[in-house]
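Some notes on the structure that comes next.
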Amino acid sequence: MNEETANKTGDDHELVKSFQSGNRIAFDELVLRHKDRVFNLCYRFMGDHQEAEDCAQDVFLKVYRSLKRFRFESSFYTWLYRITVNTCKNRLKSSGYRGIKKSSLLANPENDKDYQPMERGDEGKNPIAELEKMERIRLVQNAIDSLPVGQKDVVILRDIEGLSYEEIINITGYRLGTLKSKLSRARHELRERLGRII
Amino acid sequence: MKCNLVKKLLSEYIDNTLDERTGTLIEGHLKECEDCNYEYISMKTMVEELRSMGSLEAPKDFLEKVHERIDSFSPIERIRTSFFFLSSIKVPMELIALAATSVLIFIVFNMVQPENQVMVKPSAIDSTGSAIKPETGSKKTSKGTALKTQVLKEIGPIQLALLLVAEQKPKPLSSGNVRLIVSGKGAEMPLDTPEFGFSTEQDQETDQEGNGDPLSDIIESISISDGRLISKEYKNGADEPEYITIEIPCINYHPFLERIKDIGTLQTPAPDLPEEYQGPVQLRIQLISSK
């Protein structure tokens, strides 16, 4: 099995090892493997297509810079998610980003989403039902956007990404009790905000 | 089970992470309480809604854009990450605090020892007319006895005041600011330090031969006691030192005190040394004119 083939079929661990030994193609393979999940996670945090794309690029740039020092203390996937969550949270907390969001909302308060996400497997379905679904998704995304950052991460990781409590703890560093209480508060908040449409 | 508690546990109930007994209690409560049941159903629906949001695809040119970002990675940043990777090493704050405290203690400890400060007057002249320099342990005394360089570590300089016998005090001391201070723990000065205006070894030996004045007698007593003169301290304009700092082996401490009783009167009783103490003893003696 040559190196290229190994990179295509091997798991993340092998790809990371390969990159650490100087094979840059291995990094490209890692990007291709994980870009959709990273982008999706960024979008759920940022609620904006362009911001999500910038964020996801930032994530892979950080990965590129740090991958040579990755010591396999956790899985690559957990490490990648940790970087993604931290990058998104830092960007959300930055005053610059808050300014952008505020001015965007002032300019177009009724529709602050400049991007309607196209979901995989949408082709060939009832257009009206799809529009309704997209509208519901937009409203849910708005409700998520309105959550505090400390509640947003747990609800995205648990309910949208479908991660287990253990995985979320590994990514965020929260204790189990903290995670449960944050998730409970976030769900109650969302339920109240989405009460009319659910 | 009360409604407040049930509502608090609904999130975990939906995730099925509660123990069996608590789950059963909540299940029973939900059957009876319409309000809580409504909240449960709406929360569960909301969670299902979130889980059905689906996933988005990254733009098709995402990898190319990542490459662009990597390639536009500034040269300064590259140098920083390549050569200064140590800055990214995480050091525990406790370790940093410990190191900072140690440095601070070291600085403070070295700054608060006034006896280590040196105020030098060029050509400090003793009563015999010879410039005197601090002695080191390797210097030989007039009797040719090699003295060990030992730094007093456990006992600080013992302060004594010696009232000199009138007929042996050739000149009165004048008042003013101290102009030479060289003493204290480990205060060592090089033998040949011309900028300090100190004497040669030959001059020193001349000092120690004595010429009948109290200082010469004291220096001779130091020599007999296998000790060494560390420094003299002068007041402004005075030709005679006001203080001398010396070092005496502890075994000769009491004999030395006996000897200087012939030269003057100790104004305060000299303290005894701890029995277990083996090192040299530093004495800072104030020479008081009897006039």
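Readers should treat all values here as calculations from the given coordinates under stated rules, not as data from a laboratory. Bear in mind that the values here come from a model prediction, so they are computed numbers and not experimental data. With ideal geometry, Cβ positions are generated from the backbone for all residues, glycine too; neighbour counts draw on all protein chains shown.
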Order these peptides, B:50-61, A:67-78, A:40-51, by their mean beta-carbon neighbour count within 10 angstrom, highest first.
-> A:40-51, B:50-61, A:67-78
Using modelled backbone amide H atoms (1.01 Å from N, in-plane), which distant-in-sequence or interchain residues come within less than 5 Å of residue B:243's amide H?
-> B:233, B:287
Could you calculate the FRET efficiency of residue B:277 with residue B:104 from 1/(1 + (r/R0)^6), where r is the beta carbon distance between them and R0 is 22 Å, rounded to 0.05?
-> 0.10
Relative to a virtual label point 7 Å from the Cα of residue B:38 in the Cα→beta-carbon direction, which members of region B:1-21 show backbone nitrogen distances below 12 Å?
-> none
Could you tell me which of rounded, prolate or oblate describes region B:3-48, using a ≥ b ≥ c as the square roots of the eigenvalues of the alpha-carbon gyration tensor, with rounded for a/c under 1.5 and, failing that, prolate when a/b is larger than b/c and oblate otherwise?
-> oblate
Going through A:17/B:65; A:17/B:60; A:93/A:152 one by one, the pairs whose alpha carbons sit over 19 Å apart turn out to be A:17/B:65; A:17/B:60
With x for Gly and Pro, the residue-by-residue ³J(HN,Hα) of region A:33-45, computed from phi through the Karplus equation 6.51 cos²θ - 1.76 cosθ + 1.60 at θ = phi - 60° and given in whole Hz, is 5, 10, 4, 5, 5, 5, 4, 4, 4, 4, 5, 5, 6
Cβ neighbours within 10 Å from other chains - mean over A:28-37 | 3
If amide H atoms are modeled at 1.01 Å from N in the peptide plane, then the residues at a separation of 5 or more from residue B:161, or on another chain, having amide H under 5 Å from its own are B:267, B:268, B:286
For peptide A:61-72, compute the average count of partner chain beta-carbon atoms within 10 Å of each residue's beta-carbon.
-> 2
What whole number of Å gives the distance from the Cα centroid of region A:34-77 to the Cα centroid of region B:218-233?
-> 77
Take peptide A:49-56, look around each residue's Cβ out to 10 angstrom, count Cβ atoms belonging to other protein chains, and average those counts.
-> 2
What is the spin-label model distance, in nm, from residue B:68 to residue A:66 if the labels are put 7 Å beyond Cα along the C-beta direction?
-> 2.5
